[in-house]
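A quick write-up on the structure given underneath.
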Amino acid sequence: MTHSEYRLLWATDKARAQQTLFNEYLNYVYVIVFNRLRGCGSREDIGDCVIDVFMDVFSSYDHKYDIDGDIKGFIGTVAFRKAANYYRRLSKNSLGISLDDGYAEVIPSDENIPEATETDELRTMLLDLIESLGKPDSTIILEKYFYGSSTLDIAKIVHLSPITVRVRSSRALKKLKKLLADKDITI
């Protein structure tokens with residue numbers, strides 16, 4: 001479904017527009033959320049996150065964004081960010097044990113907390129820097145390196161030729177490396 005198709009359907013029947021968008025992108029959103037939360041969340045957490053993604057899409061898409069073409073990139077970005085927020089929240093409560101329950105003993109863990117925290121902060125900063133590249137560069141980078149999409153698939157999403165996608169990807173990576181270097185970050 002393209003942005004213009006969604007707008008036309010929204011103008012005639014809002015409920016049908018939302019249902020159509022939900023049906024078309026449910027599996028896409030579920031895969032993104034599942035891959036992020038499968039290690040720390042339950043099925044209910046994953047389901048809640050998927051629903052929250054669509055609630056965010058429905059509540060903000062029409063009001064904030066005026067783009068042409070496919071809206072898959074927008075939905076994927078919302079899903080990725082919402083899943084990251086859920087992951088941070090669920091990771092804090094992953095043991096689900098309160099000290100009030102009588103478990104004052106420290107439970108050993110193989111996880112290096114300072115390293116994990118630094119990694120999470122780096123991920124958040126990296127996503128912010130990618131977003132600062134603007135459209136369509138941010139969509140190209142996210143689709144290529146986070147979702148593993150092919151150049152042809154990305155070209156369809158951003159409505160550019162595959163050659164243009166490759167050139168923009170290369171330029172966007174150079175910009176991103178410079179932004180990371182300015183913040184003294186090496187990956």
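The values are calculated or read from the model by the stated rules, or taken from the named source; none is laboratory data. Keep in mind the model is a prediction, meaning the values are calculated, not measured. For neighbour counting, all protein chains shown are included, and Cβ atoms are generated from backbone atoms with ideal geometry for every residue, glycine included.
The table below lists the values:
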quantity: Answer residue from the stretch 1-27, given it is buried (at least 16 other Cβ atoms within 10 Å of the Cβ) and over 15 Å from I75 (Cα atoms) and is modelled with the highest pLDDT among those; calculated: L9
quantity: Entirely in the stretch 101-187, the helices (runs of 4 or more DSSP H) that have 2 or more residues that are modelled with pLDDT under 90 and in contact with a strand residue (DSSP E or B) (Cβ under 8 Å, 6 or more places away or on another chain); calculated: 151-158
quantity: Boolean, S170 is closer than 21 Å to G76 by Cβ, loosely packed, with under 14 Cβ neighbours inside 10 Å and not aromatic (F, W, Y); calculated: no
